[in-house]
Amino acid sequence: MIRGMYSAISGLKAHQTLLDVTANNLANVNTVGYKASRATFSDSLSQQVRGASAGTADTAGTNGLQVGLGVKVASVDNLVGSSSSQMTGNALDVALQGEGWLTVARGTPTGPAPAAATWSFTRAGALQTTAAGHLTTQEGLYVMGYPRAAAGGPDTTGAPGYLTLPPGSSDVTIGADGAVSYVDNSGGPATGTRQTAGYLAVSRFANQSGLQRAGGSTWTATANSGAPQPGTPGADGNGTVMAGALEMSNVDLASEFTTMISAQRGFQANSRVISAADEMLQDVVNMKR
């Protein structure tokens, strides 16, 4: 009875975690670029009451006898698959179509580019420009990118750095290949022409499900995700950029509500086991009066 009670307690804890994960998914159903989570269970240890035995000349073998000791949360997986896009009409909103993560970082634009170990990654493409012309996320992180090569196209020979637009630039657009262009209003020879400030840096991972959430719709690399493999949109298998759109949350409402019902009923069933074990213990206590 006591053993069954503790097994039920483990069931209560596991279903609480399942409900926590589901609640967080539902809370972020409208969060731009959000990736849902999924909790999975596995059985815990089992008590060996009797071992298995082999058959003899005149008897058959017997199976082992084990009593389970409960359940545990095996994993909370990141479901990083892409989701639908919402058209916004804002030129600085971008949605990645395919694999890859926008590479962003904290730092000082007047100093050296941030090291790869300090990069963060996001699928929330609601970008903006600062008064100094730096391209940033809504959380204030600087968007990393590659400069334009002399012969045209991105110069990917070095590490990505800050993307900066000259003061007074207008009509900023972002192409499918990640090219960030603008109309020059500097008053120089190039005034009135469209120029390319650079190309967005997009990073891929050997195991993108192994990324770690860092808040603010950003993720960081871990030992299990592998090191980031930076590149540009549309190159080396990276997804392309859809400008004027945002990637929405990939939370499936129908699935989440079904999981919520399952978690509630699982919690209820385990609480009934505790009540039943308590009543059985009460009967044992009352045997001597």
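Key figures
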quantity: Total residues in the range 91-134, condition more than 19 Å from Gly210 (Cα to Cα) and exposed (fewer than 15 other Cβ atoms within 10 Å of the Cβ); calculated: 11
quantity: Total residues in the range 219-240, condition small (Gly, Ala, Ser), over 15 Å from Trp119 (Cβ atoms) and outside any loop (DSSP other than H, G, I, E, B); calculated: 0
quantity: Residue within the range 9-24 that is of a type in the set (Lys, Arg) and either farther than 30 Å from Asp278 by Cβ or more than 27 Å from the chain's Cα centre (by Cα) (or both) present; calculated: no
quantity: Residue match in the range 206-218 (condition: among the basic types (Lys, Arg), part of a strand (DSSP E or B) and surrounded by 15 or more Cβ atoms within 10 Å (Cβ to Cβ)); calculated: no
quantity: Tabulated pairs, the range 185-203, first farther than 26 Å from Pro160 by Cα, second part of a loop (DSSP other than H, G, I, E, B) and of a type in the set (D, E, K, R), C-beta under 7 angstrom, 6+ apart or interchain; calculated: Thr191/Asp184; Gly192/Asp184
quantity: Residues satisfying the stated conditions in the range 245-256, i.e. touching a residue at least 24 places away in the same chain (Cβ under 8 Å) and out of contact with any strand residue (DSSP E or B) (no Cβ under 6 Å at 6 or more places or on another chain); calculated: Ser249, Asn250, Val251, Asp252, Leu253, Glu256
quantity: Failed item, numbered, when Ala245 is tested on (1) under 19 Å from Asn78 (Cβ atoms); (2) buried (at least 19 other Cβ atoms within 10 Å of the Cβ); (3) aliphatic (A, V, I, L, M); calculated: (1)
quantity: Considering residues of the range 152-201 that are within 23 Å of Gly239 (Cα to Cα) and of a type in the set (Val, Ile, Thr) only, the residue surrounded by the most Cβ atoms within 10 Å (Cβ to Cβ); calculated: Val180
quantity: Qualifying positions in the range 1-38 - among the small types (Gly, Ala, Ser), in contact with a helix residue (DSSP H, G or I) (Cβ under 7 Å, 6 or more places away or on another chain) and in a loop (DSSP other than H, G, I, E, B); calculated: Ala36
quantity: Strands (runs of 3 or more DSSP E) contained entirely in the range 39-152, each with at least 1 residues that are under 23 Å from Val172 (Cβ atoms); calculated: 85-87, 94-97, 101-105, 120-122, 127-129, 135-137, 142-146
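Residue-by-condition table, conditions (1) under 22 Å from Tyr162 (Cα atoms); (2) in the same structural domain as Ala159 (by TED's automatic domain parsing); (3) of a type in the set (Asp, Glu):
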| site | (1), (2), (3) |
| --- | --- |
| Val67 | no, no, no |
| Leu92 | yes, yes, no |
| Gln97 | no, yes, no |
| Trp101 | yes, yes, no |
| Arg106 | yes, yes, no |
| Thr110 | yes, yes, no |
| Pro114 | yes, yes, no |
| Phe121 | yes, yes, no |
| Ala124 | yes, yes, no |
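The values are calculated or read from the model by the stated rules, or taken from the named source; none is laboratory data. All figures in this text were calculated on a predicted structure; none of them were measured in a lab. Cβ: placed from backbone, ideal geometry, glycine included. Neighbour counts: every protein chain shown.
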